[in-house]
Structure formats: structure tokens, C-alpha cells
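Let me begin by handing over the structure; questions about it come next.
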Amino acid sequence: MIGGDAETYSAIWATLRVSGYSMGCSLIIGVPLGFCLGYFDFRGKRPLRTVVDTLMALPTVFIGLLVYAFLTRSGPLGNFGLLFTLPGIAIGQTILALPVVIGLTAAAVESMDQKLRIALMSLGANRRQLFLSSLWETRHGILAGAIAAYGRVMTEVGISMMVGGNIKWHTRTITTAIALETNKGQFGMGIALGLVLLAIAFCVNVSVSLLRKRY
């Protein structure tokens with residue numbers, strides 16, 4: 001990085017782009033679904049929660065295989081040309097992160113003090129105010145879920161390798177670059193890239209910690 005190696009910066013940029021895409025989609029979809037799963041009582045809630053908790057442990061290689069099958073030319077989404085592209089990787093990583101966001105958001109909502117809801121209702125809060133107040137009270141738990149999902153997305157290899165193809169200057173991410181360099185016997189380069197990945201994760205966690213202290 002100090003020497004300005006273009007290939008290294010290309011992998012870093014690809015990692016940041018694809019993780020940004022996948023986390024944005026998973027949070028937009030997963031936070032409302034997780035909040036509803038934890039907040040409302042409905043028939044079949046317990047089995048649904050079990051399914052979500054099970055999906056949190058989905059192997060990345062299995063997700064990569066499914067996404068590859070859908071995006072290949074003979075697959076149902078083959079006409080979109082998403083195979084071996086960063087958006088294609090982002091689709092797989094969204095599937096990986098979504099159960100984590102939903103499950104941990106639901107857990108944060110379920111652990112919320114039930115007296116708060118009763119107090120808000122007694123003060124005449126409408127449904128919108130009740131929803132927004134409950135969402136604000138569980139913000140730290142939701143943030144923790146987002147960090148956990150981001151950790152899974154940043155460190156996965158199977159989806160990026162199978163769906164992205166590890167194409168130099170195009171879909172090569174930090175994790176696939178580490179796998180490639182290790183297979184070539186370049187352990188020093190692999191460790192260096194791992195430290196870069198660790199530095200990115202550290203910056204994200206520091207930023208989140210500052211937000212938690214401020215809000």
C-alpha cells in the first residue's frame with residue numbers, strides 16, 4: 001500500500017464497493033423485517049424465528065453455488081449478465097448478511113423493556129410514534145447486528161470466488177486475493193492483505209463506537 005501497488009488498491013476498492021452494496025441492501029430489507037419479527041406476535045412466529053436463526057449459519061460456498069446457478073447463462077437470471085461482476089457478488093453477500101441482520105434485530109427488539117411500550121401508549125402515542133420510539137431504543141442492538149453482518153461479509157471467500165471468479169482488476173477482492181497469494185506460496189503478501197482487511201474492520205468498529213457514544 002505504501003508503494004501504491006495498483007493491484008492491491010483494486011482489490012481494496014472492490015471489497016469496499018461490494019460490501020457497501022450488500023450491507024446497504026441487507027439493512028434496508030433486514031431491519032424492518034427483523035423489527036416486525038421481534039415486535040409483533042403472530043401465528044407461526046416461533047418456527048419462522050427458528051428458520052431465520054438456522055439461516056444465520058448458512059455456508060458461504062452453498063450460497064455461492066445457489067447464486068451461481070441462478071446467474072449463469074442457463075439460469076433464470078442469466079439474461080441480466082450479473083455473473084462475474086461486483087453486483088453479482090453483492091447479491092450473494094446480501095443473502096449471507098440478511099439472516100444475521102433480521103435475527104439480531106429481532107433479538108434486540110425482544111429484549112426491549114416492555115414497560116416502555118405501555119408507558120408510551122399511556123401517554124397517547126400513536127402507532128407511528130410508538131414504532132419510531134421502539135426503533136430508537138433498540139438502535140444499539142441493531143447496530144451490533146449490522147457489525148456482525150459486516151464481519152461475515154468482509155471475511156467471506158466462497159461467494160466472491162464462485163460468483164465473482166476472482167478476475168484481476170475486476171472482481172478480485174481482498175479475501176480472494178489472500179487465497180490466491182497463499183496458493184502461490186506468497187504467504188507474506190497474504191498476511192499483508194489480511195492486515196489491510198483487519199485495518200478496515202478496525203476503522204468500521206471505531207466509527208460505530210463513536211456513533212454509539214454520541215447517540
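The values are calculated or read from the model by the stated rules, or taken from the named source; none is laboratory data. Just so it is clear, the structure is predicted and the values come from calculations on it, not from any experiment. Here the Cβ positions follow ideal geometry from the backbone for every residue, glycine too, while neighbour counts run over all protein chains shown. All accessible areas refer to the heavy atoms of the entire protein, side chains included, with ligands and DNA or RNA removed. Shrake-Rupley method; radii C 1.70, N 1.55, O 1.52, S 1.80 Å.
Which residue, chosen from Leu37, Met154, Leu83, occupies the Cα position most advanced towards the positive end of the dipole of region 37-154, where the dipole is computed from +1 (Lys, Arg) and -1 (Asp, Glu) charges on Cβ about the Cα centre?
Towards the positive end, the residue furthest out is Leu37.
Which of Ile167, Ile118, Ile91 moves most in a GNM of the chain, Cα contacts under 10 Å?
Ile118
Another question about this same structure. Residue-wise, which Karplus ³J(HN,Hα) couplings in Hz belong to region 40-48, taking 6.51 cos²θ - 1.76 cosθ + 1.60, θ = phi - 60°, and x for glycine or proline?
9, 9, 8, 5, x, 5, 5, x, 5
Can you find, among Tyr21, Phe70, Leu132, the residue sitting farthest towards the positive end of the charge dipole of the chain, where Lys and Arg contribute +1 and Asp and Glu -1 at Cβ?
Going by the charge dipole, the pick is Leu132.
While we're here: State the label only: which of (i) 65, 43, 25; (ii) 53, 31, 28; (iii) 48, 41, 29 corresponds to Cα extents along the principal axes in Å computed from the shown model?
Identified label for the calculated read-out: (i).
What order do Val157, Val101 take when sorted by accessible area (1.4 Å probe), most exposed first?
The ranking, largest first, comes out as Val157, Val101.
Based on C-alpha coordinates, I'd like the Rg and Dmax of region 94-215, in Å.
20.0, 66
Among Gly124, Gly24, Gly185, whose mean-square fluctuation peaks in a Gaussian network model of the chain (Cα, cutoff 10 Å)?
Residue with maximal mean-square fluctuation among Gly124, Gly24, Gly185: Gly124.
State, as an integer percentage, the relative contact order of the chain based on alpha-carbon contacts under 8 Å between residues 6 or more apart.
29 percent
Per residue, how much accessible area does region 114-215 show when a 1.4 Å probe rolls over the protein heavy atoms, in square angstrom?
60 Å²
Something else now. As a test of reading the structure, rank His170, His140 by solvent-accessible area (1.4 Å probe, protein chains only), most first.
My answer, sorted largest first, is His170, His140.
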